[in-house]
Structures are given as structure tokens and as C-alpha cells.
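Down below is the structure, laid out as C-alpha cells.
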Amino acid sequence: MSSNSLLRAANISKFYDGVCALKDVSVAVSAGEVHALVGENGAGKSTLIKILTGAVAADSGQVILNGKVIAENSPRLAKLLGIEVIYQQPTVFRGLTSQRILPSDWRDRECGHGSTGKHGIAGRVSCWRKSVRTSIQKPTPAS
């Protein structure tokens, strides 16, 4: 794990009533990186995010920002330090379709589907989705 990481969780463990939610979890994020936490329900994704953002205290381990340990994290302190989370709220976008969310530079592309007819905008949405999927690197398994 890189020592020049912007944000690190080091050896984080958390138990709820004797049930292990996280055991010795470490992750590092460098400036400009985008990460995704993926796993089954109950894998500890939300717990890790809550620890990083100060909503929940870890039972052991450290949260380190710019090489400095955050001794007593809290939501207020985390926000002041620039550590924030955006929770998934699909209802916020209830009235928006994928066509309305499509970046404007993709709305006028042909993509081999034609700009009119039944494949017009839907075809461009499909092309855009494929381009996004191919630009995302496969995740590397945790060691």
C-alpha cells in the first residue's frame, strides 16, 4: 500500500454485538483516483464508508489523511477535512431518463444507429454506456 496516499484506512476492524463487520481492512486512495466498493450485502461496504466519514468509530485500525492519523473522527471533522460521501438516492432523479442524463456531446452522435427512427437516441445511449464500460478498468481482487 502506497505511503503517499491521500486517504488510507489501515487495518480497520469493526464488530457489532460480537458480529464481525470488518476485519483488518486496508485501502488507499491517491489524488485523482476513483474507486468503487463492490460486494454482497453484509460485506462491510457501508461500515467502511461510515468509518471513513466519521459516522461510526472503528474498533481498531486508523484513518490516515495526507500521512496524518485522524485520532477522533466525526462527521463534522471529516467534512472539514474534505472527506465526504454521496449516498445513493435514486428518487432524486425520478423524473430523469438515461436519455436526459446522456452527455450533450453524445446526443448528436450517429454511433452507427442513425439519428432518427426507433434506434436514434436509444442507440446513442447504448453506445455511450458501452464506451463508459470499456473505459473502466476491471477491479483487482483484494489480497
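Numbers below:
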| read-out | value |
| --- | --- |
| Residue-count net charge about Ser60 - beta-carbon cut-off 14 Å; Lys, Arg +1, Asp, Glu -1 | 0 |
| Ala43 versus Val27: modelled label distance in nm, points set 7 Å from Cα along the beta carbon direction | 1.0 nm |
| Segment 7-80: C-alpha gyration tensor shape, a/c 1.5 cut-off, then a/b vs b/c | oblate |
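Laboratory data are not the source of any read-out in this text; all were calculated from the coordinates shown. Just so you know, these numbers come straight off a predicted model, no measurement behind them. Cβ: placed from backbone, ideal geometry, glycine included. Neighbour counts: every protein chain shown.
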